[in-house]
Amino acid sequence: MFSEGASTLVGAVGKVLDNVITTKEEKQTLDNEIVKAEMQYNLDMKKLSNEEQAMIIGDIGNARNREIQVQASETATKLSKNVSPYLALGTTVLTFSLFFILIFKSEIIPDDKKDIILYILGVLSASLTQIYSYYFGSSAGSAEKSKAINSLNK
């Protein structure tokens with residue numbers, strides 16, 4: 001998105017400068033400077049993207065390390081060790097229960113409440129996707145993470 005905007009801007013500036021610059025050497029020098037600036041801009045955008053990916057990966061790693069520390073801690077309570085699995089299991093059961101009710105027992109839901117139930121089911125479905133990604137990983141996330149790690153290593 002940004003590189004397209006930069007290309008458009010460079011093209012517009014180039015057209016204006018064609019009318020102002022008189023010699024071929026001046027035009028070539030300016031063209032070289034514009035290309036150099038555009039390349040630097042693209043490089044800076046790649047660096048920012050890599051930094052953002054590194055922060056995301058670091059955040060995920062910190063969350064996983066925290067989970068490991070809580071599970072390994074002798075002083076952690078049973079609730080603190082199990083709150084994530086309990087919430088995940090509860091969300092899964094609730095989501096599938098609502099799906100079951102909507103598919104097989106929809107007559108027990110009043111018509112004026114169906115929209116609310118569908119909205120809640122949408123939120124729960126999105127949460128369920130995140131839960132499954134957390135516990136089982138996601139192929140898209142894994143591919144993106146591998147690509148980010150490879151780019152950071154270069």
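LYS81 - would you say it is assigned to a helix (DSSP H, G or I) and outside the structural domain of GLY122 (by TED's automatic domain parsing)? So LYS81 does not fit the description; no. Exactly one residue among LEU124, LEU152 is surrounded by 11 or more Cβ atoms within 10 Å (Cβ to Cβ), assigned to a helix (DSSP H, G or I) and at pLDDT 90 or above, and that residue is LEU124.
When THR91 is tested against (1) out of contact with any Ser or Thr (no Cβ under 6 Å at 6 or more places or on another chain); (2) without any contact (Cβ under 8 Å) to a residue 60 or more places away in the chain; (3) among the polar types (S, T, N, Q), only condition (1) is not met. Restrict the check to region 97-117 and report whether at least one residue is small (Gly, Ala, Ser) and loosely packed, with under 11 Cβ neighbours inside 10 Å. For region 97-117, residues small (Gly, Ala, Ser) and loosely packed, with under 11 Cβ neighbours inside 10 Å: absent.
The values are calculated or read from the model by the stated rules, or taken from the named source; none is laboratory data. Bear in mind that the values here come from a model prediction, so they are computed numbers and not experimental data. No Cβ is skipped: glycine too gets one built from the backbone with ideal geometry, and neighbour counts run over all protein chains shown.
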